[in-house]
1. Among all the lysines, which ones have a C-alpha under 19 Å from LYS46's C-alpha, if same-chain residues fewer than 8 places away are not counted?
2. So what does LYS22 come to for accessible area, using a 1.4 Å probe and Å² rounded to 10?
3. What does the accessible area per residue of the chain come to in Å², with a 1.4 Å probe and no ligands, DNA or RNA counted?
4. Largest first, how would THR39, THR7 line up by accessible area (1.4 Å probe)?
5. With a 1.4 Å probe and all protein chains left in place, how much of the accessible area of the chain comes from carbon and sulfur atoms, in whole percent?
6. Among TYR68, TYR63, TYR47, what's the order by accessible area (1.4 angstrom probe), most exposed first?
7. Of the GluC sites (Glu not before Pro) in the chain, which ones lie in a loop per DSSP and count no more than 16 other C-beta atoms within 10 Å?
8. Return a whole-number percent for the relative contact order of the chain, with Cα pairs under 8 Å and 6 or more residues apart as the contact set.
Amino acid sequence: MHVIFYTKPGCHLCDDAEAMMKLAQEDFPLTWSTVNIETDDESHEKYMLMIPVIEKDGEVLLYGQIGYADLIELF
């Protein structure tokens, strides 16, 4: 599954979520493209209070504090 991961520099929740994504990737077919909301005005306006955000096909799957269990439930 390929998802879009919305993040920004200095976001500790984003760092934690990406670490959990890397763990999940060891057992599940998870790939992602990263979007820095600070360099994309539309994403910034849409997600500035929600990051980190994991989105697929325009649908928000997870946001905020994202744990390993949350990720594996996507599969």
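1. Candidates past the 8-residue exclusion: LYS8, LYS56.
2. 110
3. For the chain, the solvent-accessible area averages 62 Å² per residue.
4. Descending order: THR39, THR7.
5. The computed percentage sits at 49.
6. From most exposed to least exposed: TYR63, TYR68, TYR47.
7. When the GluC sites (Glu not before Pro) of the chain are filtered for loop state and at most 16 Cβ neighbours within 10 Å, GLU73 remain.
8. Numbers: 111 pairs, mean separation 31.1, N = 75.
Computed value for the chain: 42 percent relative contact order.
The values are calculated or read from the model by the stated rules, or taken from the named source; none is laboratory data. As the structure is a computational prediction, the values presented were derived from the model and not from experiment. A quick note on method: Cβ atoms are made from the backbone with ideal geometry, for glycine too, and the neighbour counts reach across all protein chains shown. For accessibility, only protein heavy atoms count, side chains too; no ligands or nucleic acids. Shrake-Rupley method; radii C 1.70, N 1.55, O 1.52, S 1.80 Å.
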